[in-house]
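Asker: Below you'll find the structure I mean.
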Amino acid sequence: MKRSLRKSTEEKLLKIGECPLVVGIPCYNSESTIRYVVETSAKGLKQFFPNLKSIVITSDGGSLDDTRENASKADIPEGVENVVSIHRGEPGKGAALKAVFEAASCLNASAICVFDSDLRSVTPEWIKLFLSPVIDKGYDFCAPVYKRDKRDGTITNSIVYPLTRALYGLQIRQPIGGDFAFSGKFAKRIGEEPLPYPFVEKFGIDVYITTTAINEGFNICQVNPGVKIHNPKDPAQSLGPMFMQVIHTLFSLVEKYEAKWKEIKYSKKPKTFTLNNDIPPEPVKVSIDKLKDELKDGFSNFS
């Protein structure tokens, strides 16, 4: 099986030894935000889980800027490990996350959470919110629920959420939300199996892990940290490759789990844990004229 975790990183982790808590940050060219995400994650681990050995792992796709250097310079409290590595293979979120899962298995971790590297609204309290359901209540998979601008989350709102809810009977509001928590059992399942479809190594990873969790009998909840402030994508400018990768993976899984969704009659809400804050979401700017031009071109070429 092709592994995403490099041998040198694995040897470093083995020297660190068993580590119950892992925060993983998949990244690529994130020099302006990565240090904040690493430092905030480490602070949360130290503040809320001081008696558990913990580690922050930056899983980089070969950034061409100073992402790895900035992650390495992060101010980390004593007792929290900081490991920065480059995953094997082409740059892609899925390959980066698989390296985190493989690292968690190597460390025999019991609870893992992952955050997007451009996340500007993460606080130490997020670490507690995401990890506590796994540590204290036995959940295997925690998906996020956010307050978002109505123009943010184009692919989620238009296709992935309604189709996932309708087919699989569980109202996971952000199936590709980017920030998740997992049990060691679930991380081991993903880390020790080959990624099955062409685009799971890229942006197909989130819908793959969410759909796997729903259909393979894992214990699922949601966590609501409030607003997610990150670098949103203008649907008229930058969603083409992501759309193809997510939708290809989504429909590949529809075929895989056909026997399961044919038995579904109703949908239900999972248990949701909430962190109260009153921060409003940032508005997302959309290039309306370009969006219209793309629609006309698409209709002309594919109708």
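Readers should treat all values here as calculations from the given coordinates under stated rules, not as data from a laboratory. Computed from a predicted model, the values in this text were never measured in an experiment. Using ideal geometry, Cβ is built from the backbone for each residue, glycine included, and neighbour counts are taken over all protein chains shown.
Asker: Please compute the alpha carbon radius of gyration of the stretch 12-112, then divide it by the globular-protein estimate 2.2 N^0.38 Å. Two decimals is fine.
Answerer: Relative to the 2.2 N^0.38 Å estimate, the stretch 12-112 comes out at 0.99.
Asker: By the gyration tensor of its Cα atoms, with a ≥ b ≥ c the square roots of the eigenvalues, what is the shape of the stretch 128-236: rounded for a/c under 1.5, prolate for a/b over b/c, or oblate?
Answerer: It comes out oblate by the Cα gyration axes.
Asker: A 19 angstrom limit on the alpha carbon distance is what I want to check against. Which of K12/K98; K98/K137; K147/K269; K2/K73 exceed it? Intermediate results must be reported in sequence, preceding the final value.
Answerer: Working: K12/K98 17 Å; K98/K137 25 Å; K147/K269 17 Å; K2/K73 30 Å.
Too far apart for the 19 Å limit: K98/K137; K2/K73.
Asker: Counting other Cβ atoms within 10 Å, keep those with at most 10, restrict to DSSP loop, and tell me which trypsin sites (Lys or Arg not before Pro) in the stretch 100-161 are left.
Answerer: K150
Asker: Percent antiparallel among DSSP beta bridges with both residues in the chain, to the nearest 5? Don't skip to the answer; put the middle values down first.
Answerer: Values: 6 of 34 bridges.
Given both bridge residues lie in the chain, the antiparallel proportion sits at roughly 20 percent.
Asker: I would also like to ask the following. I'm spelling it out carefully: the read-out is Cα Rg over 2.2 N^0.38 Å, the candidates are (1) 1.45; (2) 0.97; (3) 1.06, and one was derived from this structure. Which label?
Answerer: The listed entry that was calculated here is (2).
Asker: Let me spell out the model: positive unit charges on the Cβ of Lys and Arg, negative unit charges on the Cβ of Asp and Glu, origin at the Cα centre of the chain. What dipole size does that give, in debye rounded to 20? Each step should come with its number before you reach the end.
Answerer: Numbers: 41 positive and 37 negative charges, 163 e Å.
Taking the Cα centre of the chain as origin, the dipole is about 780 debye.
Asker: Please give the Cα centre distance for the stretch 94-144 versus the stretch 1-24, rounded to the nearest Å.
Answerer: Value for the Cα centre distance between the two parts: 15 Å.
Asker: Tell me the mean residue ellipticity at 222 nm calculated for the chain from its helices only (DSSP H runs of n ≥ 4, each -39500 (n - 2.57), averaged over every residue, nearest 500).
Answerer: -12000 deg cm²/dmol
Asker: Among residues other than N224 whose Cβ falls under 10 Å from its Cβ, what is the net charge (Lys/Arg +1, Asp/Glu -1)?
Answerer: Combined, the nearby Lys, Arg, Asp and Glu give +2.
Asker: Where in the stretch 31-93 are there GluC sites (Glu not before Pro) that are in a DSSP coil and have at most 12 other Cβ atoms within 10 angstrom of their Cβ?
Answerer: Counting only loop positions with at most 12 other Cβ atoms within 10 Å, the GluC sites (Glu not before Pro) in the stretch 31-93 are E78.
Asker: Using +1 on the beta carbon of Lys and Arg, -1 on that of Asp and Glu, and nothing else charged, what's the dipole of the stretch 241-295 about the Cα centre, debye to 20?
Answerer: With Lys and Arg at +1 and Asp and Glu at -1, about 420 debye.
Asker: With label points built 7 Å along Cα→Cβ from the Cα atoms of K260 and N51, find their separation and express it in nm.
Answerer: The two pseudo-label positions are separated by 3.6 nm.
Asker: Now for a different question. Compute the Rg/Rh shape ratio of the stretch 83-167: radius of gyration over Kirkwood radius, all on alpha-carbon atoms.
Answerer: Rg/Rh: 0.99.
Asker: Next up: Shape of the stretch 151-303 from its Cα gyration tensor (a ≥ b ≥ c, root eigenvalues): rounded if a/c is under 1.5, otherwise prolate when a/b > b/c, or oblate? Each step should come with its number before you reach the end.
Answerer: Working: a/c = 1.76, a/b = 1.26, b/c = 1.40.
It comes out oblate by the Cα gyration axes.
Asker: Could you give the size of the charge dipole of the stretch 149-303 about its Cα centre, using +1 on the Cβ of each K and R and -1 on the Cβ of each D and E, expressed in debye and rounded to the nearest 20?
Answerer: Working: 21 positive and 18 negative charges, 114 e Å.
Around 540 debye, computed over the stretch 149-303.
Asker: In a shell of Cβ-Cβ distance under 12 Å around R88, excluding R88 itself, what net charge do Lys and Arg (+1) and Asp and Glu (-1) give? Write down the numbers at each step before the final one.
Answerer: Numbers: positive: K2, R3, R6, K7, K98; negative: E10, D60, E90, E102, E201.
Neighbour charge sum, excluding R88 itself: 0.
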